[in-house]
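What follows is calculated from the coordinates using simple rules that are stated; it is not laboratory data. Because the structure is predicted, anything quoted here is derived from the model rather than measured. Don't worry about glycine lacking a Cβ; one is built from the backbone with ideal geometry, like all the others, and counts go over all protein chains shown.
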Amino acid sequence: MIRFAFLILIMFSILTVSCSSRKNKLDGKNLIPEKELVSLLTDIYIADGLLDLPAINSWTSLLDSISFYYQVIEKHGYTKENMDKTMKYYFLKKPKKLNKIIDQVLGRLSVMEARIEKEFNLDRARTSNLWTGKDFYASPSLSGNDSTKFDMTLNKKGVYTLSFTATVFPDDQSVRAGAIGIISSPDSLETGTGQYEKSINYLKDGRPHNYYMTFFVFKYPVRHLRGLFYDFDNRSYGLVKHFIIENISLKFNTAMV
């Protein structure tokens with residue numbers, strides 16, 4: 001849809017063409033190049049969106065808005081006259097081409113909107129993820145340490161969901177490989193006892209699988225979430241372990257049990 005800024009530009013073209021068409025022949029000389037016109041109209045479209053914001057709209061008049069558009073044009077190195085002639089030419093001589101130019105503008109805006117939305121969602125995901133441990137665990141490990149122990153402090157009462165992606169390869173020699181998570185109070189950290197335990201068994205097919213463990217914290221304001229992302233039954237020397245744990249996230253929900 002063509003917004004208010006485009007309507008203003010076209011309106012200027014219509015109003016001025018009636019006064020000048022008899023004296024000046026409308027031709028395609030000295031027009032704003034198409035590529036630069038697309039960039040200019042994109043910025044005008046964005047400026048028009050800014051003027052729609054209540055905080056800005058409340059202290060701007062129509063004349064202020066028009067002046068704002070002129071500033072955008074001048075920022076690109078052109079004048080109102082350049083813009084008027086270019087828009088008049090396309091509007092009266094090549095309206096189909098003008099539609100294609102506007103489609104390019106809307107295409108650029110769609111890409112910008114998608115990029116902003118993606119960045120917003122990533123930022124929201126980062127801020128809502130309570131996980132402060134390692135980004136991933138793997139064996140064989142480049143550091144030589146393939147421990148997958150974790151210990152997170154939970155300061156709020158509510159529901160916690162630990163999610164992650166695990167890939168266990170067929171050559172892994174562990175028996176009943178899986179993950180375990182335990183909710184415990186601070187005074188039970190040394191003894192290893194817990195009041196709430198969850199476990200998961202992994203598929204050993206070399207493909208990534210998403211896993212979830214949900215924990216309910218409702219007895220004490222401060223608890224600990226402890227566990228292993230990779231636990232197994234057989235403990236023999238030289239055991240081949242081949243796994244990757246990644247995409248780790250800990251989310252909190254205030255809903256209570």
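Things worth noting here:
- Applying a threshold of 21 Å to the alpha-carbon distances of Lys35/Lys75; Lys149/Lys251; Lys149/Lys198; Lys149/Lys219; Lys97/Lys118; Lys75/Lys97 flags Lys149/Lys219; Lys97/Lys118; Lys75/Lys97 as lying beyond it.
- Label-to-label distance, Phe252 versus Ser199, with points set 7 angstrom from Cα along the beta-carbon direction: 2.9 nm.
- Residue-count net charge about Thr214 - beta-carbon cut-off 12 Å; Lys, Arg +1, Asp, Glu -1: +2
- Rg and Dmax [Cα atoms of region 137-253; Å; Rg one decimal, Dmax integer]: 14.8, 43
- Integer Hz, Karplus 6.51/-1.76/1.60 couplings in order for region 140-152, x for Gly and Pro: x, 9, 5, 7, x, 10, 9, 5, 10, 5, 9, 8, 10
- Within the same chain, aspartates and glutamates fewer than 8 places from Lys157 are excluded, and of the rest, those with a Cα less than 17 Å from its Cα are Glu197.
- Distance between the modelled labels on Thr165 and Leu109, one decimal in nanometres: 3.5 nm (7 Å Cα→Cβ projection).
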